[in-house]
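Student: If you scroll down you'll find the structure; I have some questions about it.
No value in this document is a laboratory result; all are computed from the given coordinates. All of these numbers come straight from a predicted model, not from anything done at the bench. Because the Cβ atoms are built from the backbone with ideal geometry, glycine has one as well, and the counts that use them run over all protein chains shown.
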């Protein structure tokens, strides 16, 4: 194990990873060398504390070349001066960045939110492969967000994987409840148009001896039940997506989801939307103000629906 080193006395010669498109965006662990002693290289695992590098292993040039040949090290075209509390990472387009950890975290979170929006757009068009790919980008950028895991669970569930929700919930490291995660999955399922034929909606086998004609009628009833459930939950799902877009200051997208919620039966009121903190980032947006002005005056019924929607979002 190498002696502790001041980060500012080092330079970065590469990173202990080999980049492939499927893993982008990604944070990579640097490989350092001392500026005054360029023959020794410091490789991970290590930790940084208060501008000092601890626990690194020092290896020579020959060992570093072996790591490169085995795909466990990538050399940079030019060495970078090392900086304390900086992150080396590649964005979703493969561009390299070396910047303060706080700035890198913000950039990665922005990439994640953009990918989630793209995944939802593809999901609403039943483009499942593209939706899953965008969800993967969001997870790579910030795996503390529940949305991309729930999107994958919704897709896998509709494609017939019975344990999809449990698997994605297990993969998600965040702290939301199982009920809240299931609500997200249900909401994303409700965004997907029901374009499959009734004969493909089979939730369990009919009783033995049921005639073919009776079986067809039973399957049609299962389809109708599923469609009815989706219609009942759709306003809540669309409202949830509106709050997500609003939290990212995407006024146009938020309004689009609110209009979908209204078309699906939600009773929206200006009073509720103005008091909902989730819409705070877009309250001053001209298009949102215009949308609020177009809403009818609140009624007791709309207030009750608003309370129900708010309760679902807080689960």
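Student: Between residue 1 and residue 171, what is 0.36 nm times their sequence separation minus the Cα-Cα distance? Round to one decimal in nm. List each step's numbers first, then the result.
Tutor: Numbers: separation 170, 0.36 × 170 = 61.20 nm, distance 3.34 nm.
So the chain would gain 57.9 nm between residue 1 and residue 171.
Student: Right, here's the next one. So how do 76-82, 265-271 stack up, highest first, on mean other-Cβ count within 10 Å? Write down the numbers at each step before the final one.
Tutor: Details: 76-82: 14.3, 265-271: 18.3.
The peptides rank, most packed first, as 265-271, 76-82.
Student: Over all directions, average the projected area of the Cα convex hull of segment 102-193 and note it in nm².
Tutor: Values: hull surface 21.7 nm².
Directional mean of the projected Cα hull area for segment 102-193 stands at 5.4 nm².
Student: Jot down the radius of gyration and Dmax of segment 5-90, Cα atoms only, both in angstrom.
Tutor: 12.3, 37
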